[in-house]
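A.B. asks: Here it is, the structure in full.
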Amino acid sequence: MTTLRRNSTHVVTLGQLAPLYQTSLDEAEQARKNAYSGIFRRISVGIVFHVLVEEKTTFVPGSNLEHPMPQLCSCAELIGIGAMHSQSLVDFAVGITVVALRQVPPRDRLILPCDTCKSRLVQLAEWSGVGDDFKIIAAHPDYQKGGKILLTSLGALLRDERLRYSPEGIDRDMVL
């Protein structure tokens with residue numbers, strides 16, 4: 001099993017992940033299927049936040065919600081944070097799994113949190129006390145068929161130029 005070290009980045013397949021992270025991918029993919037991206041048809045995103053309470057990890061989902069007025073669209077991360085907040089769990093978030101699908105070419109790219117959502121993740125990481133060690137798992141829905149999965153941390157996401165956000169996503173082979 002691949003483990004995540006501080007400020008490191010790995011590209012793995014499903015079989016190399018611990019069962020907990022495999023479950024997080026499946027739950028994020030289910031959340032992605034609930035995304036509403038029927039207006040602009042650009043990206044459907046599902047996430048789950050990893051919430052650690054009394055040494056037990058649970059997942060809180062979120063999915064993006066498009067609106068005809070772009071400024072009223074909501075990122076999956078924001079919806080997940082709202083769900084955690086309503087359950088008083090924001091102080092216990094230790095990671096996030098993102099499964100996203102671009103609905104326009106290039107379709108096979110990984111989508112990482114945008115700069116606004118990175119700021120939200122920094123705040124969550126501060127509240128929970130994990131800081132740069134906040135775990136980030138990102139995948140395309142093809143992870144179930146041997147596709148590559150990105151394992152990284154918030155520290156690496158903020159500092160590694162290869163992981164810069166792009167609405168076109170990042171090429172998984174460029175991260176190796």
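A.B. asks: Restricting attention to segment 129-159, which residues are buried (at least 17 other Cβ atoms within 10 Å of the Cβ) and free of Cβ contacts under 8 Å to residues at least 40 places away in the same chain?
C.D. replies: Val130, Leu154, listed by residue number.
A.B. asks: Residues to consider are Val48, Val60, Val12, Val53; find the one that is out of contact with any helix residue (DSSP H, G or I) (no Cβ under 8 Å at 6 or more places or on another chain) and among the aliphatic types (A, V, I, L, M). Give the derivation first.
C.D. replies: Working: Val48 fails: out of contact with any helix residue (DSSP H, G or I) (no Cβ under 8 Å at 6 or more places or on another chain); Val60 fails: out of contact with any helix residue (DSSP H, G or I) (no Cβ under 8 Å at 6 or more places or on another chain); Val53 fails: out of contact with any helix residue (DSSP H, G or I) (no Cβ under 8 Å at 6 or more places or on another chain).
Result of the check over Val48, Val60, Val12, Val53: Val12.
A.B. asks: Please enumerate the residues belonging to segment 87-119 that are buried (at least 18 other Cβ atoms within 10 Å of the Cβ), in contact with a Pro (Cβ under 9 Å, 6 or more places away or on another chain) and not in a strand (DSSP E or B).
C.D. replies: Result: Ile111, single match.
A.B. asks: Tell me, which residue of segment 17-60 that is polar (S, T, N, Q) and within 29 Å of Val104 (Cα to Cα) is surrounded by the most Cβ atoms within 10 Å (Cβ to Cβ)?
C.D. replies: The initial filter retains those residues of segment 17-60 that are polar (S, T, N, Q), namely 22-24, 30, 34, 37, 44, 57-58.
Still in the list and also within 29 Å of Val104 (Cα to Cα): 22-24, 30, 34, 37, 44.
On the way: Gln22: 18, Thr23: 15, Ser24: 27, Gln30: 14, Asn34: 14, Ser37: 18, Ser44: 24.
So, considering only residues that are polar (S, T, N, Q) and within 29 Å of Val104 (Cα to Cα), the one surrounded by the most Cβ atoms within 10 Å (Cβ to Cβ) is Ser24.
A.B. asks: I want to confirm something. Restricting to segment 160-174 and keeping residues that are closer than 16 Å to Ala100 by Cα and not charged (D, E, K, R), which single residue is surrounded by the fewest Cβ atoms within 10 Å (Cβ to Cβ)?
C.D. replies: Residue satisfying both the conditions and the ranking: Pro167.
The rows are residues; the columns are (1) modelled with pLDDT of 90 or more; (2) more than 23 Å from Phe92 (Cβ to Cβ); (3) of a type in the set (Val, Ile, Thr).
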position: Thr2; (1), (2), (3): no, yes, yes
position: Arg6; (1), (2), (3): no, no, no
position: Val12; (1), (2), (3): yes, yes, yes
position: Gln16; (1), (2), (3): yes, yes, no
position: Leu20; (1), (2), (3): yes, no, no
position: Ser24; (1), (2), (3): yes, no, no
position: Ile43; (1), (2), (3): no, yes, yes
position: Val60; (1), (2), (3): yes, no, yes
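The values are calculated or read from the model by the stated rules, or taken from the named source; none is laboratory data. As the structure is a prediction and not an experimental result, all values here were calculated from the model. In this analysis, Cβ positions are derived from the backbone assuming ideal geometry, glycine residues included, and neighbour counts consider all displayed protein chains.
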